[in-house]
1. Kyte-Doolittle cut-off 0.0, length cut-off 15 Å along the helix's own axis using Cα: show which whole DSSP H helices in chain A pass.
2. Taking amide H atoms as placed 1.01 Å from N in the peptide plane, list the residues 5 or more away in sequence, or in a different chain, whose amide H sits under 5 Å from that of residue B:44.
3. Among A:227, B:129, which comes first, second and so on when ranked by fewest other beta-carbon atoms within 10 Å?
4. Over its Cα atoms, what ratio of radius of gyration to 2.2 N^0.38 Å does the stretch B:38-156 give?
5. Given the convex hull over the Cα atoms of chain A, what projected area results after averaging over all orientations, in nm²?
6. Too long at a 30 Å Cα-Cα cut-off: which of B:54/B:141; B:77/B:155; B:77/B:149; B:80/B:125?
7. Grab chain A and count how many Lys pairs have their alpha-carbon atoms under 23 Å apart, sequence gap of 8 or more, or different chains.
8. If you average the sequence gap of Cα pairs under 8 Å that are 6 or more apart and divide by the length of the stretch A:79-167, what percent do you get for the contact order?
Amino acid sequence: MDFIEGLGASTRISFNKLGRGTHFLVQTISGIMSVLLRPRLLTKQLYSVGVMSFLIITISGLFVGMVLGLQGYYTLSDFGAEETLGVMVAASLVRELGPVVSALLFAGRAGSALTAEIGLMKATEQLSGMEMMAIDPIKRIITPRFLAGLISMPLLAGIFSAVGIIGGQIVGSGLLGVDEGAYWSQMQASIDFYDDIVNGVIKSIVFGFVTSWIALFEGYDAIPTSEGVSRATTRTVVNSAFTILGLDFILTALMFGDH
Amino acid sequence: MQHTRNQDTLVGLLVASGIAGLFFLAMHVSNLSSFSDEDSYTITAKFENSGGLKVKSPVSAAGVKIGKVTSISFDPKTYKSVVQLSINSKYSTLPDDTTASVFTAGLLGEQYVNLEPGGSETYLKKGGEIEITQSAIILEKAIGQFLFKSAAEEKK
């Protein structure tokens, strides 16, 4: 009996949280206009969310591309199809790994920082202090960070894919001897701009939206103690990872299903 | 003030490199630069069998890509495969006795339409139809015929 009671309670709690999260999201989005009137708030957040994640994204992208080049070469050379290495590297980066891995890194690098920042602001009563001064903390604090995440994510995913493809080329044609012309021309023949690249960008925008939403809401909703903030930070990373991977499956099924 | 100016520069750099990355993907990785839809004309070819030809398969002449397949449908009256080819307007001087055949690039490669120009003085018009076509070679059929033939030779 206790079990059923607990199940009901936790279901109610999670639906309650989803409802509060949606309310929070609507409030955040309604603040977009006022942030656009004060772009200084936005550039500051673009710096701490986007620029600070630039290095980890670039280096990871390079290595992911190099590993793809290496592994792809060994598998493809069994079939005598090393020439299609470019297609394999580019398709897997542009469609899947670029948006997904950069979103996971983004959640770990920027999302956790956002949660901790907002949670600490709440714990030290800075948010209620703002309310006392008749400043809407959502418009002033949350919306710029949300927009910054939304803008940085597709840019970072684009950098990730581009650097990865170059990394694959360095390993593939630099070290392993795949013809450089074949690497690029086969890639250009197979990768479609709308089907592959635009869909990849749409994916990364969706991931940026979801990751920023989760990170900011977890921070805003955190129990204002040091333990509460640390739990919220953990929840951000875990929930973002789940959501990104689950959404990726759905988006892939929708976008690439008809082939 | 110096600090925020630095931040602005770095944000600018991020946005610039992000756009550069996406631009690189669009122009260097995808097929966007190689062919656009605006400056092209459509011709039709009817094949007995278009094999594994797909929409977006390349159309080439003398080994050079000059267009792509835009649609493939089955004609219920003639029982043929109707293939629409979109050809770049730069190549508007194809003779009307051009032969279209479905070839395979390599043994396992993708299938494409090969156009072989004839000697006619008149050119194919927009919306025109290629009269002479050659079907795709179906590997299973060819192997079947080969086995049948070698079995018949053994009997002799």
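Bear in mind these aren't lab numbers, they're just calculated from the coordinates by the rules spelled out. These numbers were taken from a predicted model, which means no experiment stands behind them. Cβ placement follows ideal geometry from the backbone for every residue including glycine, while neighbour counts extend to all protein chains displayed.
1. On the way: long enough: A:2-30 (42 Å, 0.11); A:52-78 (41 Å, 1.31); A:112-123 (16 Å, 0.84); A:143-169 (40 Å, 1.29); A:180-190 (16 Å, -0.84); A:199-220 (31 Å, 1.07); A:226-256 (44 Å, 0.85).
For chain A, where a helix must reach 15 Å along its axis and average at least 0.0, the hits are A:2-30, A:52-78, A:112-123, A:143-169, A:199-220, A:226-256.
2. Correct list: B:85, B:128, B:129, B:130.
3. A:227, B:129
4. Numbers: Rg = 16.2 Å, N = 119, 2.2 N^0.38 = 13.5 Å.
Rounded to two decimals, the normalised Rg is 1.20.
5. Projected area, direction-averaged: 17.7 nm².
6. Over 30 Å Cα-Cα: B:77/B:155; B:77/B:149.
7. The number of close lysine pairs in chain A is 5.
8. 53
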